[in-house]
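Notes to accompany the following structure.
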Amino acid sequence: MLEKAFSDYLVNVVNGPVNEQRLPVLILADTSISMGDAMDDLNASINHFIRKVCEDEKAASLIDLCIVTFDDDAEVVMPWTNINKAEVVRLRAGGCTNTTAGLELAEKLLTERGHAYIDHGCMGKKGMLIMLTDGAQTSGKNPDEIIAKIRRRVDDKKMLVSVLAAPGYDKAFVAKLTKGKAVAELHGDSSGFAEAFDFYAISTKAVSLSAPGTTPETPEHTFGDPEKGSQWHKADLKDWLDQD
Amino acid sequence: MIFQYKASVAGPYHIKNNIPCQDSCAAKQTEDFMIGVVADGIGSQIHSDIGSSIGVKVSVAYCAEHLKKGMTDDEIKKTMNNAFVYAYQAILEEADKQQMYAHDTTLCMGVYDGSTLYYFQAGDSGIVALLMDGSYTEVTRQQRDEEGRVFPLCFGPDYWEFGKVENVASVMLMTDGVLENVCHPLLKNEEIKINVPLAGLFMARQGTAEEDVKKLEAAAKQFLEMYPENLLDDDKTIVVLWNNECVPAVKEESYYEPPDWLALQKKSLEGLYDAEPENNDVIETNGISENKDVVQPEKKFRSKRKRKKKEKKKNRKKKKAHTLKR
C-alpha cells in the first residue's frame, strides 16, 4: 500500500502545474503590390485559420499568433496574441518586396518569444514560421545573412519554416531558405490559400496538443496531394540550389 | 550513517509508444562517501538509454575507486571531471561498436559525506539539497540554451559544472521531468523557488532500518508511476541520499504550504502579452461567428514600446517646431 504521505500528495496535486507547452506561430505574408488581387482571399484564409484553431478550446489556449507583413518594409500587423484573442485581420497590398526585412523581423520575434516563455516560467515548443511569398525581392539588403541565421535555427531544431509559394515566387531564394523542404507551390488561383490555411489550422492544433518531445501525427488533408485535387504541389527545388 | 534510495520509471509517453526508459541512476556507498548519479538519455536519440546507462555505471565506478577522504576540493573536482570524461569515452566506444552515434545523455552526480555535498553537472538534470537550517535549495543549474535546449554530456568540460554545498542533511538527484515539478519554472521568480511539499515528501526522511528504506523505495517508485500524466509524462528518476544523524531545523508553517499553481499560471500568462489593440472594437474569434470572413475595417497593432517610441518622436518634433518658431 502506498505510504499515506505519498497518497495524500497525489490527491492534492490535481490542481498542480499542468505540463503544457505553448506554441508560437508566426505568419509572414508578402503584401507587395503584386499580391493585390489575392489579398481578399488571403485575408479570408488567415481569418479562417484563426477561427478553425479556436474551435478547439484547449489547442487555442496554447497557441500564440503573430502576423508580420513585408512590402517596402516589414511591419507587425498583429503582435504576439493568444489566438483566442486574435482580431480579424485585413491586410492590404502595396509597395515593393523587401523579403529580407520580413525574415529579419520574423526571426527576431520568434527568438524573443522563446526567451519570453522562459522568463515567465512557461514552456514553449519550437516556433513555426509560415511564410507566404509570390515574387522575388525587389528592395532591401542582401538576404544571405538572415537566410543563414534561419537555417542554423532550423538545423538546431529551434524553429520550423514552411513556405507557401504563389505563382511568380523566387525559387532560388526559397530553395536557399528551406533546402527544398516544406515548400508548397500554388497551382491555381488565390482561392487555394483557404486550403493551405485549413491544413495549417489542423496541423498547428495537432502540434500544440502533442506531448512534449513527441512527433505529432500528420493530419489527414488534401493539402499538397494533387491526386486528391489539391491546388498545392510539393515543390522540387533541388535543381535550383547553388546556382549563380 | 548515510542512507540512500532510488526509483526510476518510464514515462507514460514512452510506455504507450514502446520506447524504453531512457533514464538511468545509481547510488553507491564507499568507505568515505555516498555517491548518487542520474542520467537522462536524450529523447531524440535512439540509443540514448544505452548512453545513459553506460554514463552512470562508468562515472560511479571511477569515483568509487578514486575519491578518498582528505582530498582537496580541487582534487575532488578533477576526479569527478575525469569520471565524466571516462563515461563519455565509454559511450563513444559503444557508439563506435554500433556504428551509430545516437547515445547522448545528461549526467548529474552528487558525492555526499554526510554534511558536504560535491556535485558535477552535465545537462539539465539536477540536485536539490535540504540544508541543516531547514531550507530546500536547488544546487545545480539546468544547462540549456536561451531557448531551453539542453547541453548534454557531449558538450564537454567547458560546459560541465562543479560545486560544493555545506551543512547538507539530505540530497535528491533528479532527471528533468521530476526536477521541473520540484523546481517548477513557474516558481522561478517567486521567493520560495522549490515545491517544498513535493521535495519534502522524498527528502525529509529519518528512517534507519533497512526494511524501512526498502519500503520507502517501493513507495516512491509507486508514487512516480501514479504521478498524473498531465503534470509529468517524461521518464521519472530520483536518487535520495540522507544522513540520519542530521536533523534539519523546522521552518515556519507557511514554508511547507503548496504553491498556488493557478495564481502562478495566471501571473505568468499576464506577463506574456504586452500589447493591446489600438482599436477597441475587438471581435473575439473565440465565438466562431459566421461573419468572421467579412472584411473588417483595417486594424493595425503596435506594441506598447513602439507606440511610446512614436509618441516620443512626435513630442520631439513638436518641441523642435516650437523651438524653430521661437
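Remarks
- Among the candidates B:Ile15, B:Ile91, residue that is among the hydrophobic types (A, V, I, L, M, F, W, C) and closer than 26 Å to B:Arg144 by Cα: B:Ile91
- Checked against (1) facing another protein chain (nearest Cβ under 9 Å); (2) farther than 19 Å from B:Ser125 by Cα; (3) not small (Gly, Ala, Ser); (4) not in a loop (DSSP other than H, G, I, E, B), B:Asn189 meets all criteria but (4).
- Members of the range B:27-79 that are among the hydrophobic types (A, V, I, L, M, F, W, C), at pLDDT 95 or above and under 18 Å from B:Gly177 (Cβ atoms): B:Val37, B:Val38, B:Ala39, B:Val56
- Within the range B:110-141, the residues that satisfy the criterion of being over 29 Å from B:Gly41 (Cβ atoms) and in a loop (DSSP other than H, G, I, E, B) are B:Asp113, B:Gly114, B:Ser115, B:Thr116, B:Met132, B:Asp133, B:Gly134, B:Ser135.
- Candidate set: the range A:139-158, residues that are in a loop (DSSP other than H, G, I, E, B) and touching a residue at least 24 places away in the same chain (Cβ under 8 Å); chosen: the one surrounded by the most Cβ atoms within 10 Å (Cβ to Cβ): A:Pro143
- Residue-level check: of (1) away from chain A (no Cβ under 14 Å); (2) part of a helix (DSSP H, G or I), B:Gly163 misses just (2).
- Per-region count, the range B:147-187, residues more than 23 Å from B:Tyr112 (Cα to Cα), small (Gly, Ala, Ser) and more than 12 Å from the chain's Cα centre (by Cα): 1
- Residues that are hydrophobic (A, V, I, L, M, F, W, C) and not in a strand (DSSP E or B), drawn from the range B:1-54: B:Met1, B:Ala10, B:Ile15, B:Ile19, B:Cys21, B:Phe33, B:Ile42, B:Ile46, B:Ile50, B:Ile54
- Conditions (1) within 30 Å of B:Gly177 (Cβ to Cβ); (2) out of contact with any strand residue (DSSP E or B) (no Cβ under 6 Å at 6 or more places or on another chain); (3) within 11 Å of chain B (Cβ to nearest Cβ); number of the one not met by A:Pro24: (2)
- Residues located in the range A:27-37, provided they are over 8 Å from A:Ala93 (Cα atoms) and surrounded by fewer than 24 Cβ atoms within 10 Å (Cβ to Cβ): A:Asp37
- Qualifying residue in the range A:109-127 (condition: within 14 Å of chain B (Cβ to nearest Cβ), over 26 Å from A:Phe223 (Cα atoms), touching a Pro at 6+ places or on another chain (Cβ under 7 Å) and among the basic types (Lys, Arg)): yes
- Residue within the range B:219-227 that is in contact with a Ser or Thr (Cβ under 7 Å, 6 or more places away or on another chain) and either free of Cβ contacts under 8 Å to residues at least 60 places away in the same chain or not polar (S, T, N, Q) (or both) present: no
- All positions within the range A:69-86 that are within 11 Å of another protein chain (Cβ to nearest Cβ) and closer than 14 Å to A:Ser32 by Cβ: A:Thr69, A:Glu75
The values are calculated or read from the model by the stated rules, or taken from the named source; none is laboratory data. Quantities reported herein were computed from a predicted structural model and do not represent experimental measurements. Positions of Cβ are backbone-derived with ideal geometry, glycine not excepted, and every protein chain shown enters the neighbour counts.
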